[in-house]
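Visitor: To start, I am sharing the structure in question, which I have written as structure tokens.
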Amino acid sequence: MNRWMISVTACATLSLAVAAGMAPLGEASQQPAGAGAAAPAKKATLLDKLKPLAGTWEMTADGKKQVAIVSKVTSAGSVYCETMFPGSDHEMTNMFHMDGDDMVITHYCAMGNQPRMRCKGESAPGVFVFTFDQGTNVSKGQPYMGHLKLTIVDKDTIKHEWESLVDGKPGEHKVTLELSRKKD
């Protein structure tokens, strides 16, 4: 085989290995030190504390129990998603995820805006306080949800305390949802 054919064959082999996500020939048998050892433990995050909340949550309104939130973990475990008042005219969605060491929520509101709030850590065990960070469709003089205090009372009881803002100042809307896990 001449030099040109050897070069073409080597380049083709390397290209196929890269395309397949494999190590080039000659490196496949070389394993890094500690290969086969357990992967390092994943750092626990604030989001990990919300994941066990996945399920259906009820509240009592006008003397009747009703479904208030249906939640799930999605996006390969990187997002905790809540659907508030599912199927109603004022259905809303909350998406929680990590941004570095902070947990953020984007609240897709029935008012047509999407405020984003940030939590830097638990203010007490099981208490997460989210404050307004930024938002879309947030108009001057119009209310938007800008504060959420989420409290995990126990595995079957949570509390949402929402407060609106107008131009960065406290607004008129304050809503508290006391929720219990729906039992089948």
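Visitor: Residues in region 61-116 that are in a strand (DSSP E or B), over 20 Å from the mean Cα position of the chain (by Cα) and without any contact (Cβ under 8 Å) to a residue 40 or more places away in the chain: how many?
Guide: Residues flagged as in a strand (DSSP E or B), over 20 Å from the mean Cα position of the chain (by Cα) and without any contact (Cβ under 8 Å) to a residue 40 or more places away in the chain within region 61-116 amount to 4.
Visitor: Which of the residues belonging to region 96-148 are under 22 Å from Thr45 (Cβ atoms) and of a type in the set (A, V, I, L, M)?
Guide: Met98, Met103, Val104, Ile105, Met117, Ala124, Val127, Val129, Leu148
Visitor: Related question: Of the residues Gly135, Gly146, which is at pLDDT 95 or above, surrounded by 22 or more Cβ atoms within 10 Å (Cβ to Cβ) and in the same structural domain as Ala76 (by TED's automatic domain parsing)?
Guide: Gly146
Visitor: Can you tell me which condition Val104 does not meet? The list is (1) under 18 Å from Val175 (Cβ atoms); (2) surrounded by 15 or more Cβ atoms within 10 Å (Cβ to Cβ), and all the others hold.
Guide: Going through (1) under 18 Å from Val175 (Cβ atoms); (2) surrounded by 15 or more Cβ atoms within 10 Å (Cβ to Cβ) one by one, Val104 breaks only (1).
Visitor: Criterion first (surrounded by 14 or more Cβ atoms within 10 Å (Cβ to Cβ) and either free of Cβ contacts under 8 Å to residues at least 40 places away in the same chain or under 29 Å from Lys43 (Cβ atoms) (or both)) does Val153 satisfy it?
Guide: Here the answer is no, as Val153 does not meet what is asked.
Visitor: Also, quick follow-up: Condition test on Gly146, is it out of contact with any helix residue (DSSP H, G or I) (no Cβ under 8 Å at 6 or more places or on another chain), touching a residue at least 24 places away in the same chain (Cβ under 8 Å), in a loop (DSSP other than H, G, I, E, B) and of a type outside the set (Phe, Trp, Tyr)?
Guide: no
Visitor: Please verify whether Ser123 is at pLDDT below 95, surrounded by 11 or more Cβ atoms within 10 Å (Cβ to Cβ) and closer than 18 Å to Trp162 by Cβ, treating the condition exactly as stated. Show your work before the answer.
Guide: On the way: at pLDDT below 95: yes; surrounded by 11 or more Cβ atoms within 10 Å (Cβ to Cβ): yes; closer than 18 Å to Trp162 by Cβ: yes.
Here the answer is yes, as Ser123 does meet what is asked.
Visitor: Looking only at residues that are aliphatic (A, V, I, L, M) and out of contact with any Leu (no Cβ under 7 Å at 6 or more places or on another chain) in region 79-100, which one is surrounded by the most Cβ atoms within 10 Å (Cβ to Cβ)?
Guide: In this case the residue turns out to be Met84.
The values are calculated or read from the model by the stated rules, or taken from the named source; none is laboratory data. Everything quoted here is computed from the prediction, not taken from an experiment. In this analysis, Cβ positions are derived from the backbone assuming ideal geometry, glycine residues included, and neighbour counts consider all displayed protein chains.
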